[in-house]
Each structure stands twice: as structure tokens, then as C-alpha cells.
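Enquirer: Sending over a structure as C-alpha cells; questions will come in a sec.
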Amino acid sequence: MDFNDALNTVLADLTPQPWDYTGPDGTTLRVIPAGLREDKGRAEVLIRITRADATGLYDYGITGPDSRGVAEVGVTTTDLPKVIEALTERGWWADNTLISGALLVAAASGGVAVGVTEEHGVGQHVDVGMVLPESQRLPLASALRRAMDVARGWED
């Protein structure tokens, strides 16, 4: 094994891994631990919904003001337990005061509705939502729990 292989192995082990669910229409929900140093309770887990017809994604899936059909919001490790509880208890949780937008998680007929609003400035926002089947409710809660554990590892 040469140096580059060893470095790539270490980086792969340290890099937070996303969790994805893609619905029949091609819309994808992704959970990503941010992996950035933060104060206690301030590390984020990013939740992104991308429609199959999304446009304006920058390299590496980063969204911007020109993005359409894709929205991402960060939820802090302080708020994530409430989101996870809403999923496990078939309840709902919403917050429209998140730094970069809003998130809604609510029990729906046959599954769970997830809505993400990403703010890009005054009057500029993108709303994207999807309904996950009931079979994905607990896997989403588990993915959020694992992502929260990873994010907490980045807190000082």
C-alpha cells in the first residue's frame, strides 16, 4: 500500500457517510452529518431533498440561489432528538427558524411527510417535500440517530 492509498483509507474512515432513500418518482432524501467543528449542541446534520428534475446543483451536490427542485437544511444536535422522537412516535416536528431554512417531519397516511425549505435571502427560498413509505420511517430515525452521533463527535 502506498501513501495515497493509506491516506484515502483514513479519509474514508473519517468522512461522515450519508444515508439516502429514493422514492419511485426519483426524489431522494439524504441525511448527511456535517463533519465540521462546532460548539457543544451546535453541530449539524444536513437533510436534503432532491427531485429527479433538480437543477442548479454545484459540484459535490451543494445547493445555491439558482437551485431548483433541491433544498437542504441543517438541524443541530440540540434539535435532532425531537425530530427522532417525532419519527419513532408517529408524531410531527417542525421548525421554521433554522439557520438556513425550515424542516417539517409529520406522520402521513401510509408513511411520513418530510418537507425542507432552504432560504437564500429575503424572498428567495426553495421548498421541496416528499412522503416516505411507512417502511422507511424507522430507518430514517436510525439514520438521523447515527448522523447525530457522528456530528456530536465534531463538537468541542
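The values are calculated or read from the model by the stated rules, or taken from the named source; none is laboratory data. These numbers were taken from a predicted model, which means no experiment stands behind them. Positions of Cβ are backbone-derived with ideal geometry, glycine not excepted, and every protein chain shown enters the neighbour counts. Remember, those area values only see protein heavy atoms, side chains included, never the ligands or the DNA or RNA. Shrake-Rupley method; radii C 1.70, N 1.55, O 1.52, S 1.80 Å.
Enquirer: Looking at the structure I just gave you, is Arg37 of a type in the set (Lys, Arg), modelled with pLDDT of 90 or more and either out of contact with any Ser or Thr (no Cβ under 9 Å at 6 or more places or on another chain) or open to solvent by 40 Å² or more (accessible area, probe 1.4 Å) (or both)?
Expert: For Arg37, the condition - of a type in the set (Lys, Arg), modelled with pLDDT of 90 or more and either out of contact with any Ser or Thr (no Cβ under 9 Å at 6 or more places or on another chain) or open to solvent by 40 Å² or more (accessible area, probe 1.4 Å) (or both) - is not met.
Enquirer: Only one of these conditions is not met by Val116: (1) touching a residue at least 60 places away in the same chain (Cβ under 8 Å); (2) of a type outside the set (D, E, K, R); (3) assigned to a helix (DSSP H, G or I). Which number is it?
Expert: Unmet for Val116, out of (1) touching a residue at least 60 places away in the same chain (Cβ under 8 Å); (2) of a type outside the set (D, E, K, R); (3) assigned to a helix (DSSP H, G or I): (3).
Enquirer: Scan region 140-153 and report the pairs whose first residue is under 8 Å from Val31 (Cβ atoms) and whose second residue is hydroxyl-bearing (Ser, Thr, Tyr), with Cβ atoms within less than 8 Å and a gap of 6+ or a chain change.
Expert: Close Cβ pairs satisfying both conditions: Leu140/Tyr21.
Enquirer: For region 119-156, what are the residues that are in a helix (DSSP H, G or I), open to solvent by less than 50 Å² (accessible area, probe 1.4 Å) and under 18 Å from Trp92 (Cβ atoms)?
Expert: Gln136, Arg137, Leu140, Ala141, Leu144
Enquirer: Here's another thing I want to ask about it. Hey, could you check region 108-118 for residues that are over 14 Å from Ile84 (Cβ atoms) and more than 12 Å from the chain's Cα centre (by Cα) and say which is surrounded by the fewest Cβ atoms within 10 Å (Cβ to Cβ)?
Expert: Checked region 108-118; the qualifying residue surrounded by the fewest Cβ atoms within 10 Å (Cβ to Cβ) is Ser109.
Enquirer: While we're looking at this one, here's another question. Is region 90-97 home to any residue that is in contact (Cβ under 8 Å) with a residue 24 or more places away in the chain, closer than 21 Å to Gly56 by Cα and not aromatic (Phe, Trp, Tyr)?
Expert: no
Enquirer: Please enumerate the residues belonging to region 44-95 that are surrounded by 20 or more Cβ atoms within 10 Å (Cβ to Cβ) and assigned to a loop (DSSP other than H, G, I, E, B).
Expert: Scanning region 44-95 gives Thr63, Ser67, Thr77.
Enquirer: So, in region 96-107, of the ones that are at pLDDT below 90 and either open to solvent by 70 Å² or more (accessible area, probe 1.4 Å) or of a type in the set (Gly, Ala, Ser) (or both), which residue ends up nearest to Asp53 (Cα to Cα)?
Expert: Looking at residues that are at pLDDT below 90 and either open to solvent by 70 Å² or more (accessible area, probe 1.4 Å) or of a type in the set (Gly, Ala, Ser) (or both), I get Ser100.
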